[in-house]
Amino acid sequence: MKKITVKNCATVAVTAFLLFLAIHYWESFSALLAGLFSAALPLIVGAFVAYLVNIPMKLFEKHLFSKTKRKWLLFCRRGICLVLSLLSILAVFVLIAYLVIPQIAEAIKLLISLLPGTIAKLIAFMEENHFLSENVLAVLKGFDWKSWAGQVLGIFSSGLLGTVTSVVSGVISSFFGFIFSLYVLLCKDRLKGQFLRLARTYIPEKWRMKSYYVLSIFNDSFHKFIVGQCVEALILGILCAIGMLIFRFPYVAMISAFISFTALIPIAGAYIGAGVGALMILTKSPLQALLFLVFIVVLQQLEGNLIYPKVVGTSLGLPSIWVLAAVTVGGGFAGVVGMFLGVPLVAALYRILRHDVKLRETRRDRCEASEKTAPAPQEKTE
């Protein structure tokens, strides 16, 4: 038991006083925290971007100029690997945007333009078969469907423009975060050394080792999840393209690329891609759109039961029920970002908890075994 000293009492008193101030002035304190978070958001985004870019960058560093002895190549090696990593990621996003965005916009415009004629045919069909009363049919016939479709198209166009504007403003506001990520990647060895020096100076060895262990588990879980998710999305996109070519569905390249991209979102991503793909095919043939949905459901079952457990689930060591729980809770808490980050976070916590449980069970079994093998105390004889 530790002795009660003046230093310990002062620490407890200061902590309690700060806690009292935070509770009593909670509105001002929460506003201060929100302001600090908003100010540090570009740096947080930059650190996250640096972590993502570092995954392909480490791959380039492992194979590019790894055995060279030329000093100028060794000096430029990190910058070259960083540029190649950024170009590879940018190429993927540009390719997907080039294939997907124009086609989706054209498909929606085509559907809206065809909507009045389709509704007129549907009303005529219901009138011939007497599905609706004459009053309802009169109201449906008197409605200006063409004007309504034009209004919907205008809303879609303005909404698309607003979305593009918000994305552009978000990109501009994240520019400083991107610059910060470049500095982090170029100086990552120096930053790692500084972090280790600070940890050795101010953190006791026991807590430092535990912190290293927890950080290594989180890093390993996020790295395996990101790599496995990308490989799984690529496999799903290739299988989707092969199946669409076999069944002669339209928009093979665009839909396969979009499904591969949305598959990065665990569980729900492929269904989002399937809905957009069916919308695209609906402009060509409603029957093919229905058959495409059946095809995607079968492919998703194949992917969820065979591919995903082997590629992602096995590497993370997280049971399927906890994957579903992580996606559900993460999506409800932080939307798409929460769905993406929930799985590796839960996987890391699951691994730490499992290791702690096994360690405690081992200690308990050893104590029970030592108690059983210990000799019984002998009675004293006079």
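Rule-based calculations on the coordinates, nothing more; no lab input. Here the structure is a predicted model, which means the values were calculated and not measured. Cβ: placed from backbone, ideal geometry, glycine included. Neighbour counts: every protein chain shown.
Assorted remarks:
- Two numbers describe the Cα atoms of region 203-362: Rg and Dmax, which are 18.9, 68 Å.
- Put simply, when 233-240, 80-87, 186-193 are sorted by average Cβ atoms within 10 angstrom per residue, most first, you get 233-240, 80-87, 186-193.
- Mean-position separation - Cα centroids, region 220-263 and region 26-64, in angstrom: 28 Å
- Test item: Cα-centred dipole of region 203-362, Lys/Arg +1 and Asp/Glu -1 on Cβ, debye: 220 debye
- Taken over region 203-362, lysine pairs spaced eight or more positions apart, or on distinct chains, with alpha carbons under 22 Å apart number 4.
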